[in-house]
1. Can we say residue 34 is modelled with pLDDT of 95 or more and more than 16 Å from the ligand (Cβ to nearest atom)?
2. What's the number of the only condition in (1) within 11 Å of the ligand (Cβ to nearest atom); (2) open to solvent by 40 Å² or more (accessible area, probe 1.4 Å); (3) not aliphatic (A, V, I, L, M) that residue 40 fails to meet?
3. Restricting to the range 62-72, give me the number of residues that are more than 8 Å from the ligand (Cβ to nearest atom), buried (at least 16 other Cβ atoms within 10 Å of the Cβ) and of a type outside the set (Phe, Trp, Tyr).
4. Residue 76: open to solvent by 100 Å² or more (accessible area, probe 1.4 Å), within 14 Å of the chain's Cα centre (by Cα) and more than 8 Å from the ligand (Cβ to nearest atom), yes or no?
5. Is it the case that some residue within the range 15-26 is away from the ligand (no atom under 16 Å from the Cβ), surrounded by fewer than 14 Cβ atoms within 10 Å (Cβ to Cβ) and not in a helix (DSSP H, G or I)?
6. In this structure, does residue 89 turn out to be more than 8 Å from the ligand (Cβ to nearest atom) and open to solvent by 50 Å² or more (accessible area, probe 1.4 Å)?
Amino acid sequence: MSSEKQRVCRKCLLREMKEDDYFKTMREYIQGLPEEDKVTDEVYEQRLKFCKECENLLNGMCRICGCFVEMRAAMKVKSCPGVEKYWERDIV
Ligand code: SF4
């Protein structure tokens, strides 16, 4: 059995990647964020709950900013870009 991990190209456009690979890359990016830059799990889930019910969510992306909401919601410095400001920055 090979212990070699399959590597994901870090310089590929999403369209050049297999669907599984870019979701994996996004998860790895979120996991790799410094802990001090990330919101708590509780805040993360609260933010995503708003996104799930928002009319601006389309295929995992926010139509206002173009971000993948799972990535944006993980970062303390980010806020909801919508007019309604469903969630705010989380800097203490
Ligand atoms: S407008 Fe705000 S709540 Fe709606 S999808 Fe974008 S980030 Fe999420």
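1. Values: modelled with pLDDT of 95 or more: yes; more than 16 Å from the ligand (Cβ to nearest atom): yes.
Against the criterion (modelled with pLDDT of 95 or more and more than 16 Å from the ligand (Cβ to nearest atom)), residue 34 qualifies.
2. The number of the failed condition is (1).
3. Within the range 62-72, the first condition is being more than 8 Å from the ligand (Cβ to nearest atom), and the residues that meet it are 66, 68, 70-71.
Retained after the next criterion (residues that are buried (at least 16 other Cβ atoms within 10 Å of the Cβ)): 68, 70-71.
Those left that are additionally of a type outside the set (Phe, Trp, Tyr): 70-71.
Of the residues in the range 62-72, 2 are more than 8 Å from the ligand (Cβ to nearest atom), buried (at least 16 other Cβ atoms within 10 Å of the Cβ) and of a type outside the set (Phe, Trp, Tyr).
4. Numbers: open to solvent by 100 Å² or more (accessible area, probe 1.4 Å): no; within 14 Å of the chain's Cα centre (by Cα): yes; more than 8 Å from the ligand (Cβ to nearest atom): yes.
Here the answer is no, as residue 76 does not meet what is asked.
5. yes
6. On the way: more than 8 Å from the ligand (Cβ to nearest atom): yes; open to solvent by 50 Å² or more (accessible area, probe 1.4 Å): yes.
So residue 89 passes the test.
The values are calculated or read from the model by the stated rules, or taken from the named source; none is laboratory data. Predicted, not measured: the structure shown is a model, and the values here were computed from it. With ideal geometry, Cβ positions are generated from the backbone for all residues, glycine too; neighbour counts draw on all protein chains shown. Surface areas here come from the heavy atoms of the whole protein model, side chains and all, with no ligands, DNA or RNA. Shrake-Rupley method; radii C 1.70, N 1.55, O 1.52, S 1.80 Å.
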